[in-house]
Structures are given as C-alpha cells and as structure tokens.
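Report on one structure; see the data block that follows.
The values are calculated or read from the model by the stated rules, or taken from the named source; none is laboratory data. Because the structure is predicted, anything quoted here is derived from the model rather than measured. Reconstructed Cβ throughout: ideal geometry from the backbone, glycine too, with neighbour counts over all protein chains shown.
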Amino acid sequence: MSSGVQGGAAIPLVDGGVFANNPTLCAFTEAQKASFSRLRGEGGNAAHPTTADMMIVSLGTGAGREGYAFDAVKSKGMAGWVKPIIDILMSASTETVDYQLRELFARQPCDDGGRYYRINPALGNADSAMDNIHPGNRWALHQAALDYIETHREMMEEIVDQLIGNQ
C-alpha cells in the first residue's frame, strides 16, 4: 500500500498484486474473449483465440526464495507470523497461476504454435525490497538477470525466434 496525491490531497493506493500477484491468467482470459473476426473487421462467426493462437511470456519480478524454518517461527505469535504468511500466500498465488497456464499449454503441440514461458529469475544476492535502489542492489539485480539469461539461453533464443518469425 502506498499513497498518491490527487488535487493536493493524499489518497491511499493498493498495489495490483493484492488481487493478482501474477496477472498472467487474467491476461489469458481477456485474450480469449477477443473475437478474431471482429479484430479483422469481418462479420460472421466470432472465432476466439485458443492456446494454439497464443504465445505468452510472463515476466516476474524475481524469486527471492526465503524459507521459514518451523523452529524459528513456531513461538513468534501472531505478529511474528505476519510476514511469513504474506510471503507464503503471495508465492502460492503466483505459482498456482504458473501451474495452471503450464497445464493449459501442455496439451498444445509445440510445432503448432501456442507457447507459454515464465521468466522469474532467482534474485541471488539482491535484496527483494522494491524500494532498495542502492547501486549495489541494482548491480546484484542486473547480475541475477544476466545469470538467468545465460542459464536459460535456449529458452530465451526460442522466445526471440518466435517473436521474429511471427512478425
């Protein structure tokens, strides 16, 4: 939650992640509502896109895999569980969306189009705090991205090839 200013008065703002921390499934659902015939200016039967017609590249903000050892949190009381519960719920909703889309696209033969990619690099030594803009943290985030690209080079090249081939 943050605040903004409108007409000189502060107003509270809530991040979209509260509703959809990973909005990819929302985007997929909205895309399925589109009518190809209407988009092309044609009349007639409204053909809607399926997984075979889509390529989805879901970009995460980085996976900071902080674990919570039971012994460390079991006696913390309700206040001590606030951060772990929020982290667990946010991660669970993000990973559930990823699972659902992988399952939807798994039945699609790769040579027939329709692919789903999730890019969410491990943060490595970077701090996951969204307001940490210090040069050392920016460098660590940059390094985490470069490491991910190198480790997943084949997938990255596949994405680029599809994008270039579908122009």
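Some values worked out for this structure:
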item: Helices (runs of 4 or more DSSP H) within the stretch 53-167 that include 1 or more residues at pLDDT 90 or above; result: 77-106, 135-151, 153-165
item: Sole residue being surrounded by 11 or more Cβ atoms within 10 Å (Cβ to Cβ), touching a residue at least 12 places away in the same chain (Cβ under 8 Å), in contact with a strand residue (DSSP E or B) (Cβ under 6 Å, 6 or more places away or on another chain) and aromatic (Phe, Trp, Tyr), chosen from Tyr117, Tyr148; result: Tyr117
